[in-house]
Amino acid sequence: ITSVKTTFMQEWDGLRTTADRVIVVASTNRPYALDQAVLRRMPRRILVDLPDLETREEMLRVIMSNNRVAPDVNLTAIARRLEGYTGSDIR
């Protein structure tokens, strides 16, 4: 039985034989787990890193904008405690 990865790689190689322009966009939470066969086919890579403190704080403001929040809630302090969390985790 052919694995999904093998089938995907065979189809991907076939994209070079067509006159149509094809753009493949992929994402992963484990970029270091990708094997060399996949990496060779991805000529450009863009790292979207975890949100920094300022971004986490802004995310909290947006997420909580439709909620009542006590005036003594310190979103900056909460954002500091969320270091290492993804945007999805924070949501």
Discussion item. Could you tell me the relative contact order of the chain? Use alpha-carbon pairs under 8 Å, at least six residues apart, and round to a whole percent.
Written reply: 29 percent
Practice prompt. Counting only heavy atoms of the protein chains, get the accessible area per residue of the chain (1.4 Å probe) and round it to a whole Å² value.
Written response: 90 Å²
Worksheet, complete the sentence: For the chain, the Kirkwood Rh over every pair of distinct alpha carbons, in Å, works out to 16.9 Å
Discussion item. Let's test the formula: R0 of 30 Å, r as the Cβ-Cβ distance of residue 8 and residue 50. What FRET efficiency results, to the nearest 0.05?
Written reply: 0.60
Discussion item. Quick check: at a probe of 1.4 Å, how many percent of the accessible area of the chain sits on carbon and sulfur atoms?
Written reply: 51 percent
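Using +1 on the beta carbon of Lys and Arg, -1 on that of Asp and Glu, and nothing else charged, what's the dipole of the chain about the Cα centre, debye to 20? Numbers along the way, then the final one.
Values: 14 positive and 12 negative charges, 48 e Å.
It works out to roughly 220 debye.
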Practice prompt. For the chain, build the charge dipole from Cβ charges (+1 Lys, Arg; -1 Asp, Glu) around the Cα centre, then report which of 51, 73, 27 sits farthest towards its positive end.
Written response: 27
Item to complete: Keeping every protein chain in place, order 78, 23 by accessible area at 1.4 Å, biggest value first, i.e. largest first.
Response: 23, 78
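The values are calculated or read from the model by the stated rules, or taken from the named source; none is laboratory data. If you're wondering where the values come from, they're calculated on a predicted model, not measured in any experiment. Methodologically, a virtual Cβ is constructed for each residue, glycine included, from the backbone with ideal geometry; neighbour enumeration extends over all protein chains shown. With ligands, DNA and RNA removed, areas are computed over all heavy atoms of the protein, side chains included. Shrake-Rupley method; radii C 1.70, N 1.55, O 1.52, S 1.80 Å.
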